[in-house]
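Heads up: the structure comes next, in C-alpha cells.
The values are calculated or read from the model by the stated rules, or taken from the named source; none is laboratory data. Predicted, not measured: the structure shown is a model, and the values here were computed from it. A quick note on method: Cβ atoms are made from the backbone with ideal geometry, for glycine too, and the neighbour counts reach across all protein chains shown.
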2 protein chains.
Amino acid sequence: MTGKATWTAVPSTDPAEACPIAPVVDIVFSRWTTPILWTLNMHGRQRFVELERRITAITPKVLTQRLRQLERDGMILRTYYPEVPPRVEYEITELGRTLGPLFANLADWATTNLPKVDAARHDYDADPAR
Amino acid sequence: MTGKATWTAVPSTDPAEACPIAPVVDIVFSRWTTPILWTLNMHGRQRFVELERRITAITPKVLTQRLRQLERDGMILRTYYPEVPPRVEYEITELGRTLGPLFANLADWATTNLPKVDAARHDYDADPAR
DNA sequence: CGGTATCCCTAGGGATACTG
DNA sequence: CAGTATCCCTAGGGATACCG
C-alpha cells in the first residue's frame, strides 16, 4: 500500500465513530482473517501449504497478505527455516489465543441462532408486500 | 434495490470452508453492520436521522442498504408510521439482542488487547530487517 | 516450498442530486 | 423525514505466471 492519499490524511470513512469495537472487527473479522485465525487455532502450527489447502479458494497472494497483516498485529507468529526446500511455519500467538473464547461464543451463537436468521430471511422474502 | 432473494448458494469464493463462524461474520461484522447494531443496542429505538447522526460518515444510501439487510436477517425491526412528516423507527429484535454478550466480550477484548496490538505493530514496523 | 509480480475486473461504496 | 436514483471510482481481490 504505497497509496497516495487521494484527498485526505485523516482516515476517510470511520465506522468506528461511536462504536468501540470497530477496531477489533477490522483486525479479527476482515476478509479471510477469521478462517485463518480459526484454522491456526484449531489445527495448531501449520505450514503455508497446509493453510492453503484448508482454507479452500484463497489464493497464495491473498493468503500472504493476510498472514503478514496478522503477523504485524501480533496475532500470529511466522517462523522461517532456511532448509532446502524452505520451510515456514505459522502459529497463533498468545495474544491470538485470547480470541479463543470469543470464537467459541461465536460458534455457539451460530449453532443456536443461524437457523433463526434463515427463518427470518425466509419470512422476509415470502412477504408479498415487498 | 427492491429485490427479493437473489440468493445463489454462494457459488463464489467461500471463506466459510472449514470455518463454522464465517456465516456469523458475514451477518454481524460486515461493513457498517457492527456500528448500526451497536448503536441500536446501546441507544435503543431510533429514527433514521438519529442513526445517521450517530454513525458519522455513513451515507443515507448505504445506511438504508444495511438496515434492510439487517431487517431481513431478523436482527432489527423497522416500524413505519404514516404521519406527516413520515416517521420510521428502528429497534433491535430479540434475536439481535442475543449479540449483546458477544459485543460486551469484544469490548472487553478491545480494552485489554488493543494496546498489545498497537505495540505489536510498532515493533513490527520498527524492525529494520523488513 | 513459499512466496512475488502483473494484470485485470467488478462489486461495493461514496457523492450528489431528487421525491413522496 | 426517510429514503431513491444515478453516476462514478477505486481498492481489494482473483487469475496467471514466474522466482530463490
Pairs, first at the interface with chain B (Cβ under 7 Å from one of its Cβ atoms) in region A:114-130, second hydroxyl-bearing (Ser, Thr, Tyr) and part of a helix (DSSP H, G or I), C-beta under 9 Å, six or more apart
A:130/A:124
Could you count how many residues in region B:53-65 are within 11 Å of DNA strand D (Cβ to nearest atom) and at the interface with chain A (Cβ under 10 Å from one of its Cβ atoms)?
3
Do any helices (runs of 4 or more DSSP H) entirely within region B:56-130 hold 2 or more residues that are hydrophobic (A, V, I, L, M, F, W, C), and if so, which?
B:60-72, B:100-126
Condition met for residue A:31 (basic (Lys, Arg) and either touching a Phe, Trp or Tyr at 6+ places or on another chain (Cβ under 8 Å) or modelled with pLDDT of 95 or more (or both)):
no
In the list B:50, B:83, which residue meets the criterion of being more than 8 Å from DNA strand D (Cβ to nearest atom), of a type in the set (Asp, Glu) and away from every other protein chain (no Cβ under 11 Å)?
B:83
Examine region A:34-46 for a residue that is hydrophobic (A, V, I, L, M, F, W, C), more than 13 Å from DNA strand D (Cβ to nearest atom) and closer than 20 Å to residue B:103 by Cβ, and state whether such a residue exists.
yes
Picked from region B:66-80 (must be within 15 Å of residue A:121 (Cα to Cα) and near DNA strand D (Cβ under 9 Å from one of its atoms)), the residue nearest to the chain's Cα centre (by Cα) is B:67
